[in-house]
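Quick note: the coordinates plus some simple rules give every number you see, no bench work behind them. What you see is a predicted model; the values in this text were computed from it and never measured. Here Cβ is always computed from backbone atoms with ideal geometry, including for glycine, and neighbour counts include all displayed protein chains.
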Amino acid sequence: MGKSNSIDQFKIERDRLNEIVMKYAGLGTKRFFNLDSQVYREGALSVKVKEMMGLVGSLVLRCDDCIKYHIIRCSEEGISNEELEELLSIGLVIGGSITIPHLRRAYHAWEELKKK
């Protein structure tokens, strides 16, 4: 997977793997996936804020796939470089130095998105 297309490859692979999960998914898994989709919809908090929260949580939990997904969604929701820096700083403070490798990958994905 080349650096120039890792975001595109991530999206393709995520969709492919989600199709496989849904092929075998029982009611509990389907309900969880539905709940996940619903909580990020517009409500008292905007979609943008919810995606930013998802990114911070993902950084703290050190889930690179989740980080990349929320970086993509945050970009789609129009967050600025300054907003990204502040929210990743919150994740770093909460998660500590163990999140630094994930922070690096988050910024790498952000730079890739900004080149498009």
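The figures follow:
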{"quantity": "The chain: Cys lacking any partner C-beta under 4.7 angstrom", "calculated": "Cys74"}
{"quantity": "Estimated distance in nm for a label pair at Lys115 and Arg31, the labels positioned 7 Å out from Cα along Cα-to-Cβ", "calculated": "4.4"}
{"quantity": "Nearest-0.05 FRET efficiency for Ile12 and Glu42, computed from C-beta distance (R0 25 Å)", "calculated": "0.40"}
{"quantity": "Using θ = phi - 60° and Karplus 6.51 cos²θ - 1.76 cosθ + 1.60, couplings along the stretch 98-111 (whole Hz; Gly, Pro as x)", "calculated": "5, 7, 4, x, 6, 4, 4, 5, 5, 5, 4, 4, 4, 4"}
{"quantity": "Gaussian network model of the chain, springs between alpha carbon atoms under 10 Å - residue of Ser37, Ser75, Ser46 with greatest fluctuation", "calculated": "Ser37"}
{"quantity": "Global form of the stretch 49-98, assessed from the alpha-carbon gyration tensor, a/c cut-off 1.5", "calculated": "oblate"}
{"quantity": "Which label in (i) 1.12; (ii) 1.02; (iii) 0.98 gives the computed Rg/Rh (Cα atoms, Kirkwood Rh)", "calculated": "(iii)"}
{"quantity": "Residue-by-residue Karplus 3J(HN,Hα) for the stretch 20-37, coefficients 6.51, -1.76, 1.60, Hz, glycine and proline x", "calculated": "5, 4, 5, 4, 9, 5, x, 4, x, 5, 4, 5, 5, 4, 5, 4, 4, 5"}
{"quantity": "Of the trypsin sites (Lys or Arg not before Pro) in the stretch 51-98, those whose Cβ has at most 15 other Cβ within 10 Å and which sit in DSSP loop", "calculated": "Arg62"}
{"quantity": "Most mobile of Tyr40, Tyr24, Tyr69 in a GNM of the chain (Cα contacts under 10 Å)", "calculated": "Tyr24"}
{"quantity": "Debye log10 I(q)/I(0) for the stretch 1-56, one point scatterer per Cα, at q = 0.13, 0.19, 0.23, 0.25 Å⁻¹", "calculated": "-0.50, -0.89, -0.98, -0.98"}
{"quantity": "Percent RCO, i.e. relative contact order, over the chain, from Cα pairs under 8 Å lying at least 6 residues apart", "calculated": "28"}
